[in-house]
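Remarks on the structure that follows.
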Amino acid sequence: EVQLVESGGGLVQPGGSLRLSCAASGFTVSSNYMSWVRQGPGKGLEWVSLIYSGGDTRYGDSVKGRVTISRDNSKNTLYLQMNNVRAEDTAVYYCARGYSSGWNFDYWGQGTLVTVSS
Amino acid sequence: QSALTQPASVSGSPGQSITISCTGTSSDVGGFNYVSWYQQHPGKAPKLMIYDVTKRPSGVSNRFSGSKSANTASLTVSGLQAEDEADYYCTSYTSSSTLVFGGGTKLTVL
């Protein structure tokens with residue numbers, strides 16, 4: 001059974017850093033495109049980042065230069081390192097598995113809440 | 001990259017059909033057949049309903065269908081049921097090798 005479990009969210013001050021984790025089971029992270037998608041409180045979904053199976057990465061304009069997506073193949077885990085966070089980064093962060101082209105998401109985690117506030 | 005444009009809300013009665021539009025540009029919706037649609041119930045993770053414009057993942061009802069014309073994609077839900085009430089989001093791959101979401105549409109079943 002495919003499962004994605006995010007962790008690492010919490011309260012962080014503006015300008016601070018946070019690393020989100022997404023532990024996968026039932027499939028191999030490194031064999032799939034994997035993405036992070038976020039949803040601000042009462043807002044819509046926003047794509048954050050993607051890592052190709054080959055290891056290349058892509059980022060949304062609102063986070064480029066401040067976040068880094070990575071994976072640990074030995075732990076079958078996806079990460080999102082967030083630096084210099086801003087209030088507008090406050091959101092539930094979901095990890096999701098790519099499907100077909102890799103830019104569709106067939107499995108999602110339950111999400112982890114990041115709150116940026118002083 | 002600007003968000004794709006969706007109507008804020010649509011509604012329909014049980015048994016009726018509704019269509020949700022998703023308008024982008026030639027750099028996203030119009031340039032690629034990589035449009036997807038997601039359904040999201042309150043407090044839940046999104047669920048993939050349509051991918052590659054017209055394809056349905058296994059297990060998704062055939063009451064859901066997708067189409068595209070030029071820079072506008074559409075999701076049609078036929079035979080509306082109470083459980084279809086949810087938020088719906090479109091996405092498209094872009095010429096910058098990124099992904100853009102629509103702003104979301106709240107579907108109300110009257």
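See the values below:
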| read-out | value |
| --- | --- |
| Cα Rg, Dmax, the protein assembly as shown, angstrom units | 17.2, 51 |
| Relative contact order computed over the range B:1-63 (Cα-Cα under 8 Å; 6+ residues apart), in percent | 20 |
| Ratio of the Cα radius of gyration of the range B:60-110 to 2.2 N^0.38 Å, where N counts its residues | 1.31 |
| Average accessible area per residue (Å²) across chain A - probe 1.4 Å, nucleic acids and ligands excluded | 44 |
| Cross-link pairs A:LYS43/B:LYS68; B:LYS44/B:LYS106; A:LYS64/B:LYS55; A:LYS75/B:LYS44; B:LYS68/B:LYS106 - those with Cα-Cα distance over 24 Å | A:LYS43/B:LYS68; A:LYS64/B:LYS55; A:LYS75/B:LYS44 |
| Simple label model, 7 Å out from Cα along Cβ direction - B:ALA8 to A:VAL5, nm | 4.0 |
| Rel. contact order, % - alpha carbon contacts under 8 angstrom, at least six apart, chain B | 38 |
| Length gained when the stretch A:GLN81-A:SER25 is fully extended (0.36 nm per residue, less Cα-Cα span) | 18.1 nm |
| Isotropic mean projected area of the C-alpha convex hull, the range A:47-118 (nm²) | 5.4 |
| Per residue value of the accessible surface for chain B (all protein chains in place, 1.4 Å probe), Å² | 43 |
| Accessible surface of the range A:53-118 [probe 1.4 Å, protein heavy atoms]: carbon and sulfur percent | 42 |
| Convex hull of chain B built on C-alpha atoms - directionally averaged projected area, nm² | 6.3 |
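The values are calculated or read from the model by the stated rules, or taken from the named source; none is laboratory data. Quantities reported herein were computed from a predicted structural model and do not represent experimental measurements. Reconstructed Cβ throughout: ideal geometry from the backbone, glycine too, with neighbour counts over all protein chains shown. Surface areas here come from the heavy atoms of the whole protein model, side chains and all, with no ligands, DNA or RNA. Shrake-Rupley method; radii C 1.70, N 1.55, O 1.52, S 1.80 Å.
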